[in-house]
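Every number in this text was worked out from the coordinates using simple rules, so none of it is lab data. All values derive from a computational prediction rather than experimental measurement. As a convention, Cβ positions derive from the backbone with ideal geometry for all residues, glycine included, and neighbour counts pool all protein chains shown.
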Amino acid sequence: MSESNIKNIFQNGNWYHTFEYQNIITKGTFDYREIIKTLGIPSLKNLDVLDVGCSDGFFSKYFIEKLNASSVTGVDINKYDGDIAFEVLKSYEKNFKDKYEEHNDFLSLRDDYYSLGLKDSNKFNFVKKVFDIKGMKFENGSIYDLIPFGQYDFVFCGSLFEHLRDPITAFEQLLFATKNFCIVDISNTFRSYRIGNKPYLEYTNSGGNFFKYSDNSVIQIMKNVGFKDVKVLSSYKIKIEKYGYKIPHTVFVGYK
Ligand SMILES: C[S@@+](CC[C@H](N)C(=O)[O-])C[C@H]1O[C@@H](n2cnc3c(N)ncnc32)[C@H](O)[C@@H]1O
């Protein structure tokens, strides 16, 4: 593996999360390096983990390196072929296709990926390779069909529900994949006490983002699909690095 190829991808690639490699800090959309410690995710010692919507593997890496998970299987719908990696309404498809093509750094960094033995710009596989993380495995797939991947002690799903048109099926699939407990982190949530504690969802009408969730809506859905002892684990705000403003998140936990 050549250092200059690795550095080029960290320096000039498109990154969702902020990663540090030697003296390079990637220009990620979100910098979770400190915030991740405040989410309330417990020790994962000796646990097998499923990370649904794993993206570049920032959380998966943390689960193994800092929380001592035995293994993490990351599932993502992204095939890293330049196509849109979100469900979008037909009427918005063209906008999202253009946006996604801009995001694919494979065209400009192809030689660097090839030199590392990587056949596409899948950052999860890149991170696993460069940081030499044993026990991290990528699977292409969707939250709507987790059955092929089996069951895991702990299931995590971060910042994916806001992009789903069918959250109820998705929560049910998370339940099927969970042996012990499941943590779901959702952005742009709002507090239910402001609306008389009703379990409301707000339809956001933007093609690739479908709903804003009240805390109680998530709790109700999780309970109704069969999770037990569902509660809010934590809440936080994180800055979108590109725009400079912060968005709220709520982190939920449910047990099998
Ligand atoms: C906003 S990113 C969140 C990344 C990371 N989990 C986090 O918490 O920061 C959402 C990820 O979910 C993936 N995704 C979108 N729809 C999906 C689906 N139906 N099933 C699995 N992954 C999906 C996207 O490709 C993307 O990598």
The FRET efficiency for L89 and N46, from their Cβ-Cβ distance with R0 = 30 Å and rounded to 0.05, is 0.10
Relative contact order in percent for region 185-224 (Cα pairs under 8 Å, 6+ apart) equals 41
Taking every other residue with Cβ under 13 Å from the Cβ of L233 and scoring Lys and Arg +1, Asp and Glu -1, one gets -2
Subtracting the Cα-Cα distance of L201 and E65 from 0.36 nm times their residue separation yields 45.4 nm
Relative contact order of region 3-255 (C-alpha contacts under 8 Å, at least 6 apart) in percent is 18
Using alpha carbon centers only, region 175-191 is separated from region 33-55 by a whole-angstrom value of 12
Lys and Arg at +1, Asp and Glu at -1: neighbours of F210 with Cβ under 13 Å from its Cβ sum to -2
Checking D31, D48, D166 against a Gaussian network model of the chain (alpha-carbon springs below 10 Å), the top fluctuating residue turns out to be D166
Note: F131 to I240 extended length (0.36 nm per residue) minus current alpha-carbon separation gives 36.7 nm
FRET efficiency (T38, E3; Cβ distance; R0 30 Å; to 0.05) is 0.35
Region 143-256: relative contact order from alpha carbon pairs under 8 Å, six or more residues apart, as a whole percent, is 27
Projected convex hull area of the chain, Cα atoms, direction-averaged, in nm², equals 13.4
Expected sort for 214-221, 154-161 on mean C-beta neighbours within 10 Å, highest first, is 154-161, 214-221
Calculated from DSSP helices alone, with each H run of at least 4 adding -39500 (n - 2.57) and the total divided by the residues of the chain, [θ]222 nm to the nearest 500 comes to -8000 deg cm²/dmol
Rounded to one decimal in nm, the spacing of the 7 Å Cα→Cβ label points at N140 and T169 is 2.0
Ranked output for segments 68-80, 241-253 by mean other Cβ atoms within 10 Å, highest leading, reads 68-80, 241-253
Expected max-MSF residue from E172, E162, E93 in the GNM of the chain (alpha carbon, under 10 Å) is E93
Placing +1 on each Lys and Arg Cβ and -1 on each Asp and Glu Cβ in the chain, then taking the dipole about the Cα centre, the residue among N140, P199, T178 whose Cα reaches farthest towards the positive end is P199
